[in-house]
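Peer 1: Got a structure here, written out as structure tokens. Questions coming.
The values are calculated or read from the model by the stated rules, or taken from the named source; none is laboratory data. Owing to the predicted nature of the structure, the values given are computational and were not obtained by experimental measurement. Every residue, glycine among them, receives a Cβ derived from its backbone with ideal geometry; neighbour counts consider all protein chains shown. Just the protein is used for accessible areas: all its heavy atoms, side chains included, with ligands, DNA and RNA removed. Shrake-Rupley method; radii C 1.70, N 1.55, O 1.52, S 1.80 Å.
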Amino acid sequence: MSEDNKLSLINFDGVSDVLNNLINKISGAAGWVITHDTPKRIAQRTYIEEIQKMDIPPLEKAALISNAKKAIKDYKNQTRVLCIAAQNLKDDAKPQDIDDDWISEFMDKVRNVSDEEFQLIWARILAGEANNPGSFSLRTLEKLKELSKEEALCFMHIAESIVMNGIEPIILKSDELERGKGLQEIMVLNECGILANSSFLSITVSLGKGEGKILFYNNSLAVKATNLTGGDKDINFGVYQFTKCGKEMLKAIEVNTSNEAILIGIKKLQNEYPNESMQIDVYNVQKIDFESGRVYLSNRPLQ
């Protein structure tokens, strides 16, 4: 089936109130008009065919047809993104509360997005903003627009190494990560403004006598440290931190986190903090409260 025929299957008749509110918001803020017909048919009837019949010089006619075809492509890109976003709208979404300037900027940027993977990311951003207005800044839209395919792939690859510290996503520093391609990807994401541009970031966790705290975790494993000394003790580990834009972009991509970062992290800490002063164990994660960052662990550490 051709792309044009795929697009002709789009039908916004009988849409939900939430999607209808989003369409109305886009139409009012960005001057974008949805139609129940295909953009190509409309263009053929109202643009290209009429232009071809005009009694104007061939060069002017060619320019008008070229502009019309560009407008058709832009409209198709916008419509595809809206259709994908519609599948991720929540019943309690409030698209009517999205800022008009935000919608206008979004639609202007997405008209040039024809890559399917990027369309999926932009669609998740639109749905996320409709579900919770204010989730994505205009700066993030600009950063995403500037992102190349190669840079986006670097981002998704590095994101596989994400662990959480409380409610903050981080990347643990390690020799394994920074060898070869990993270091290059870190540098690329620094330049893109996705990772904080510093190599001297670290997290310090203070532990009282006998106190245990979770240092970092992902969806399946968590690392916990327990102070075995007679007084207070700090434990430190180096990290790469995400910028505000980077954190917002993480909401729009599918992250398949790997346990490898957890296992590398605990091995490094166990070497730096001997058992007589600090016990460091890895646990299975039973449940996570993502709003508070509270993590519920298995009763016993893994052996």
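Peer 1: With the crude spin-label approximation of a point 7 Å out along Cα→Cβ, what separation in nm comes out for Glu168 versus Lys213?
Peer 2: 1.1
Peer 1: Could I ask something else about it? Cα centroid distance between the stretch 129-170 and the stretch 190-260, in Å?
Peer 2: A separation of 17 Å, based on Cα centres.
Peer 1: Where the eigenvalues come from the Cα gyration tensor of the chain, what are the semi-axes √(5λ) of the equivalent ellipsoid, largest first, in whole Å? Present the calculation step by step, with values, prior to reporting the outcome.
Peer 2: Details: eigenvalues 496, 85, 44 Å².
Taking √(5λ) for each eigenvalue gives 50, 21, 15 Å, largest first.
Peer 1: Over all distinct alpha-carbon pairs, what is the Kirkwood Rh of the stretch 206-265 in angstrom?
Peer 2: On the way: mean 1/r = 0.0722 Å⁻¹.
Hydrodynamic radius (Kirkwood, Cα pairs) of the stretch 206-265 is 13.9 Å.
Peer 1: Same structure, new question: Only loop residues by DSSP count here, and only those with at most 10 other Cβ atoms within 10 Å; note down the chymotrypsin sites (Phe, Trp or Tyr not before Pro) in the stretch 175-267 that meet that. Don't skip to the end; give the middle numbers.
Peer 2: Numbers: sites: Phe200, Phe216, Tyr217, Phe237, Tyr240, Phe242; in loops: Phe200.
Here the sparse-neighbourhood loop sites are Phe200.
Peer 1: While we're on this one: Keeping all protein chains in place, calculate the accessible area per residue for the chain (probe 1.4 angstrom), answer in Å². Don't jump to the answer; show the numbers that get you there.
Peer 2: Working: 16690 Å² over 303 residues.
Result: 55 Å² of accessible area for each residue.
Peer 1: Please check: in the Gaussian network model of the chain (C-alpha springs, under 10 Å), which one of Leu59, Leu215, Leu201 has the largest mean-square fluctuation.
Peer 2: Of the options given, Leu59 has the highest mean-square fluctuation.
Peer 1: How big is the C-alpha Rg of the stretch 44-150 next to the rule-of-thumb value 2.2 N^0.38 Å, as a ratio? Please report the intermediate quantities before stating the final value.
Peer 2: Details: Rg = 17.1 Å, N = 107, 2.2 N^0.38 = 13.0 Å.
Its radius of gyration relative to the 2.2 N^0.38 Å reference: 1.32.
Peer 1: For the chain, what % of the accessible area comes from carbon and sulfur atoms, probe 1.4 Å? Present the calculation step by step, with values, prior to reporting the outcome.
Peer 2: Working: 7750 of 16690 Å².
Carbon with sulfur: 46 percent of the solvent-accessible area.
Peer 1: Which aspartates and glutamates, on any chain, are close to Lys76 with Cα under 14 Å apart, when same-chain ones fewer than 8 places away are left out?
Peer 2: By straight Cα distance, Lys76 reaches Glu3, Asp4, Asp37, Asp108, Asp115, Glu116.
Peer 1: While we're here: Which angle between 0 and 90 degrees, to the nearest 10, do you get for helix 17-30 versus the longest principal axis of the chain when only C-alpha atoms count?
Peer 2: 70
Peer 1: While we're on this one: Under 18 Å Cα to Cα from Lys61, which lysines show up? Leave out anything in the same chain fewer than 8 places away.
Peer 2: Lys53, Lys69, Lys70
Peer 1: Give me the base-10 log of I(q)/I(0) for the stretch 151-303 at each q in 0.11, 0.19, 0.20 Å⁻¹, Debye formula, one uniform scatterer per Cα, rounded to two decimals.
Peer 2: -0.43, -1.21, -1.31
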